[in-house]
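Worksheet: one structure, shown below.
The values are calculated or read from the model by the stated rules, or taken from the named source; none is laboratory data. Model, not experiment: these values are computed from the prediction. Positions of Cβ are generated from backbone atoms using ideal geometry, with glycine treated the same way; all protein chains shown enter the neighbour counts. Protein only, heavy atoms only, side chains kept; ligands, DNA and RNA dropped before computing areas. Shrake-Rupley method; radii C 1.70, N 1.55, O 1.52, S 1.80 Å.
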Amino acid sequence: MKIIFMGTPDFAIPSLQTLVNSKHKVNAVVTAPDKERGRGQKVSFTPVKEFALQNKIPVLQPEKLKSNPQLVDELKKYNADLFVVVAFKILPKEVFTIPPKGSFNLHASLLPKYRGAAPIQWALINGETETGVTTFKLEEQVDTGNIYLKKKTTIKPEDNFESLHEKLSELGAEAVLKTVDMIEAGKFELNKQIDSLATPAPKITKEICQIDWNKSAVEVHNLVRGLSPHPAAFFIYDEKVIKIYETEVVERNDLKAFQIVQTKNELIIGCGKNTLRIVELQQEGRKRMTAEEFLRGFRF
């Protein structure tokens, strides 16, 4: 089948790579516009654009998707059978209804759980032990379309955002190719989402990242996992931001919330229930390091 692929970040690359390596034809990719970054305002491309250029695939980078007849005309010229969307913007109806076989999206959760911008983070923050990916037919309401398939995976205790992101991007690539094959063969059954079972996965804000030490050690530990390595959970000490990347829960209740105990090589912080051993952290203006390295030059 002829496909137009829409995506922007690293998460989309395994899916795009899998389609390029398949019997199907990726006629073009649609991705976000180039950005100027850093002090020198150097122009940088999205990971999807970088991949497309390396593989000689035409690239479209519209500034806007809605009320853009020029984009609609350009997309129609490719005569694609199907649009595949992985980690991209919300598509308007005039775009996702162009191809004869419709458009589908890959979402990094087991829908209807964790609808929204940050499903991987919230699965970890909420202490889930299982997650997965879902492919669904695009409809006007975000993340509500009928489901083609789901693939599940276990969330391991040592998983953080980085490791789970990688795991789900690879699992997602399998789901994308299987969905394309199903659509081509006409052998699929669309299953309606049960809206009453939906849970939100809103965008991660700075307020969410700040640690509330009155919460249990397990809750704080899961927050750290869900935000590591970026944007990272943090607390403020002596007017400096200290980010935490890795922790261990310690079952002791002799410390009050945010009571700090440090030894030569160990940093322990009290929580609402139990305590946390800090394994890896970073003080504002310094590099990321182990607690032992950190404590050589810092006293609370």
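General observations
- Interchain or long-range residues, amide H under 5 Å from VAL30's placed H: PHE5, MET6, GLY7, LEU60
- Listed pairs LYS35/LYS167; LYS152/LYS192; LYS25/LYS76 exceeding 25 Å between Cα atoms: LYS35/LYS167
- Beta bridges per DSSP with both ends in segment 1-138, % antiparallel, nearest 5: 30
- Over segment 197-290 - Rg/Rh using Cα atoms and the Kirkwood inverse-distance radius: 0.98
- Accessible-area ranking of GLU239, GLU74, GLU63, largest first, probe 1.4 Å: GLU239, GLU63, GLU74
- Each peptide among 19-27, 125-133, 224-232 gets the average number of other Cβ atoms lying within 10 Å of its residues, and from highest to lowest they stand as 224-232, 125-133, 19-27.
- Within the accessible area of the chain, the carbon and sulfur atoms contribute 48%, probe 1.4 Å, all protein chains present.
- Counting DSSP beta bridges with both ends in segment 70-184, the antiparallel % (nearest 5): 75
- Gain upon complete extension [LYS264, LYS150; 0.36 nm per residue less C-alpha separation]: 36.2 nm
- The mean sequence separation of alpha-carbon pairs under 8 Å and at least six residues apart, normalised by the residue count of segment 157-296, gives a relative contact order of 19 percent.
- Formal net charge of residues neighbouring LEU71 (Cβ-Cβ distance under 14 Å; K, R +1; D, E -1): +2
- Take the chain with all the other protein chains still there, run a 1.4 Å probe, and you get 52 Å² of accessible area per residue.
- Once the Kirkwood radius over Cα pairs is known for segment 124-200, the Stokes-Einstein relation at 10 °C and 1.306 mPa s delivers a diffusion coefficient of 115 µm²/s.
- Computed [θ] at 222 nm, deg cm²/dmol, the chain (DSSP H ≥ 4; -39,500 (n - 2.57); rounded to nearest 500): -7500 deg cm²/dmol
- Between segment 98-154 and segment 217-234, the Cα center-to-center distance that results, in Å: 22
- Computed over the chain: relative contact order in percent, which uses C-alpha pairs under 8 Å that are six or more apart: 13
- Beta bridges per DSSP with both ends in the chain, % antiparallel, nearest 5: 65
- Peptides ranked, highest mean first, by Cβ atoms within 10 Å: ranges 3-11, 149-157, 111-119: 3-11, 111-119, 149-157
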